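Structure, as structure tokens:
FYI, it's all coordinate maths here, none of it is from the lab. Computed from a predicted structure; not experimentally measured. Because the Cβ atoms are built from the backbone with ideal geometry, glycine has one as well, and the counts that use them run over all protein chains shown.
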Amino acid sequence: MGWLIDLETQKVEIYRYDQDVEILQSPATLSGEDVLPGFVLNLEDIW
């Protein structure tokens with residue numbers, strides 16, 4: 001899994017193996033899902 005965080009547009013692209021890219025607009029948080037269980041990245045302070 002990979003995240004591409006664009007500060008200018010406040011969009012996050014989430015890349016997962018063998019899946020389509022998911023695009024989020026101004027999410028408050030990002031979850032580490034099954035790759036980093038329990039990890040949460042707070043984006044509220046970044047935007």
- Please list, ordered by first then second residue, the pairs with beta carbon atoms under 9 Å, 6 or more apart or interchain, first in the range 1-21 and of a type in the set (Ser, Thr, Tyr), second surrounded by 10 or more Cβ atoms within 10 Å (Cβ to Cβ). 15/1; 15/2; 15/3; 15/4; 15/21; 15/22; 17/1
- Query: Which of the residues belonging to the range 1-38 are surrounded by 13 or more Cβ atoms within 10 Å (Cβ to Cβ) and either more than 13 Å from the chain's Cα centre (by Cα) or of a type in the set (S, T, N, Q) (or both)?
  - Reply: 10, 31
- Message: Take the conditions in a loop (DSSP other than H, G, I, E, B), free of Cβ contacts under 8 Å to residues at least 40 places away in the same chain, surrounded by 11 or more Cβ atoms within 10 Å (Cβ to Cβ) and of a type outside the set (Lys, Arg) and apply them to residue 41. Does it pass?
- Response: no
